[in-house]
Structures are given as structure tokens and as C-alpha cells.
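So the structure is just underneath, and the comments pick up after that.
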Ligand code: NAD
Ligand code: ZN
């Protein structure tokens, strides 16, 4: 018999084991326990830098030096961060043949660092910088060491090759994410406020196709009452670890 409070993990494990064919959609919340603050729901650097003022393409065109004051702090945080048990748990679920892919809104590379192989980066990543004049690209780390703000050899301040608010989603990521969302039987939505479009459309798409939606978030989101089938109101590392423990109890070791 599951103990008090354990039932919800059993339900999630049941859904994953009986349906398989799962996809995860992750947001900034999954990386909070790795030391990277989310935009909403936690404190941290975003009290100092309003994302709507600092993380938009308009702000970058207007005042790239100001945007780099925020980006340099973000880059430092990303360099120090390592995967937490939620990232590792998703990689384990992929190896077990239960999870097919991870669609992430994050730019931190922590899913890949944890061992996930099929990761769709909906908002790009922070690995490269690009010049918006001559389109030359540079590896971020080396270029940033030369000084902030980093500059192209043509003189222009470089932009990280990730999606700022107001920029389009890379079409391959959009295409792949839609096809994954369209065909999965379970969608695990972890640590997203579901307020950033078009990423927040993904759970609705899966739901319309009959998928079972599991949401892991200590808070309610616009999805919780309208789209979610099972809301696990816990932090990501605890919830993913408990679901995995339950699955491992019933699955023979491979
Ligand atoms: P968000 O900041 O809007 O929302 C984060 C959500 O995570 C909130 O609903 C919060 O309740 C929840 N949360 C907080 N701690 C959690 C935990 N330990 N476990 C589970 N959930 C937790 O994030 P978003 O919806 O991803 O949208 C913000 C945009 O900014 C996205 O594009 C996002 O990827 C980007 N961003 C990325 C990073 C990163 O790469 N790590 C960090 C900040 C913002
Ligand atoms: Zn250039």
C-alpha cells in the first residue's frame, strides 16, 4: 500500500508505465534546484533585472550593453550549474524506453549534461554568440573571456544565439516539438509557468490528441485546471525521484 502522499507518484508511474511513449516539456523551474533562478515563482537575479526590460530583442537593439549586464550574470550562473536529480531522472526515463524526448524552454544545456539524448531546444542555447551585421558566430565561453560586452571582428556587439522575447522560435525546433507533442501519450510538464507563447501551446496540443498531462510545479499555472490531468505540487527533483523509485519497484532491473 502506498503511504500517505505517495498515491500521486503511483498514479504518475502508472500512467507512464501503461502508456509509455512519454515526452517532457521543461521550463526554468526544473533548473532552480541547480541554482539558476526562474523568471517567476522564485527570487533572485530577476528582481534586479526585469526580463521584460532586459530579455527582449528590442532591448538588445536599443541598448546591447545594458542587456549584457544581465547576460554576463546569467552566463556566470550557467557556467557554475550542474544537473539536479530531476534532469538526471529524465535521462534515466529515456534510457528505460519510457521517455521519448525532452522539449525544453531552457538555454542552460543541463538536460544534455545529465545524459538526455533527444533534447529539443525550443529557445536555443547559450553556447554561441552571433553578429547581427555579418552573421559570424563565435563560441560563447572563449569570446566572453575577451571582455563584456563581446564584440565581433566587425565591431558590433554580439548577441547570444538564444531566443529573446520578441524573436521567432527556430523553425526546426518548433517543427520537432509540435510533432512530439502531437504524437505522445503522456506529457510531463515540469517547472514552467506556461505563460510564454508559443511554448505554452504545447500541452494543449498534446491534450487535444488525447495525451495524459502530468504537471510538476509547486504552484498552479494556467494549465492546472484547464489541461492538467495530474498535478504534482512538489519541486521537480523530489517529484521525478519519487516517480522513478515507484517505476523501479515494478520494473525488473535492466
Ligand atoms: P518561468 O520562470 O516563467 O516559471 C517557472 C515555473 O517554475 C514557475 O511556475 C514556478 O512555480 C516553477 N518552479 C519554481 N521552482 C521549481 C522547482 N524547484 N521545481 C518545479 N517547478 C518550479 O519559466 P518558463 O515558463 O520556463 O518561462 C521563462 C522563459 O525564460 C523560458 O523561455 C525559460 O526557459 C527562460 N529562462 C531560462 C532559464 C534557464 O535556462 N535555466 C532560466 C530563467 C529563464
Ligand atoms: Zn560582425
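Of note:
- Scan of the stretch 107-122 for residues that are in a loop (DSSP other than H, G, I, E, B), without any contact (Cβ under 8 Å) to a residue 40 or more places away in the chain and within 17 Å of residue 77 (Cα to Cα), ordered by number: 109
- Considering residues of the stretch 74-92 that are touching a helix residue (DSSP H, G or I) at 6+ places or on another chain (Cβ under 8 Å) and loosely packed, with under 14 Cβ neighbours inside 10 Å only, the residue nearest to residue 245 (Cα to Cα): 82
Here is a yes/no grid of residues against (1) modelled with pLDDT under 95; (2) assigned to a helix (DSSP H, G or I):
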| residue | (1), (2) |
| --- | --- |
| 40 | yes, no |
| 43 | yes, no |
| 69 | yes, yes |
| 77 | yes, yes |
| 83 | no, no |
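- Of 232, 148, 157, all but one fail to be touching a helix residue (DSSP H, G or I) at 6+ places or on another chain (Cβ under 6 Å), in contact (Cβ under 8 Å) with a residue 12 or more places away in the chain and surrounded by 22 or more Cβ atoms within 10 Å (Cβ to Cβ); the exception is 232.
- Within the stretch 16-65, the set of residues being within 16 Å of ligand 2 (Cβ to nearest atom) and either under 23 Å from residue 214 (Cα atoms) or surrounded by 15 or more Cβ atoms within 10 Å (Cβ to Cβ) (or both) comprises 60, 64.
- Candidates in the stretch 97-141 are the residues that are more than 28 Å from residue 62 (Cα to Cα) and surrounded by fewer than 16 Cβ atoms within 10 Å (Cβ to Cβ); of these, the one that is farthest from ligand 2 (Cβ to nearest atom) is 97.
- Of all residues in the stretch 173-188, none are crowded, with 16+ Cβ neighbours inside 10 Å, within 11 Å of ligand 1 (Cβ to nearest atom) and modelled with pLDDT of 95 or more.
- Selection count where residues are assigned to a loop (DSSP other than H, G, I, E, B) and within 16 Å of ligand 2 (Cβ to nearest atom), scope the stretch 152-172: 6
- Test: residue in the stretch 135-150 that is within 16 Å of ligand 1 (Cβ to nearest atom) and within 21 Å of residue 52 (Cβ to Cβ): no
- Close contacts from the stretch 42-61, counting a first residue that is assigned by TED's automatic domain parsing to the domain that holds residue 193 and a second that is outside any helix (DSSP H, G or I) and surrounded by 13 or more Cβ atoms within 10 Å (Cβ to Cβ), with Cβ to Cβ under 7 Å and a gap of 6+ residues or different chains, come to none at all.
- Meets criteria (within 13 Å of ligand 1 (Cβ to nearest atom), over 25 Å from residue 186 (Cα atoms) and within 18 Å of the chain's Cα centre (by Cα)) for residue 37: yes
The values are calculated or read from the model by the stated rules, or taken from the named source; none is laboratory data. Values in this document were obtained by computation on a predicted structure and should not be read as measured data. Every residue, glycine among them, receives a Cβ derived from its backbone with ideal geometry; neighbour counts consider all protein chains shown.
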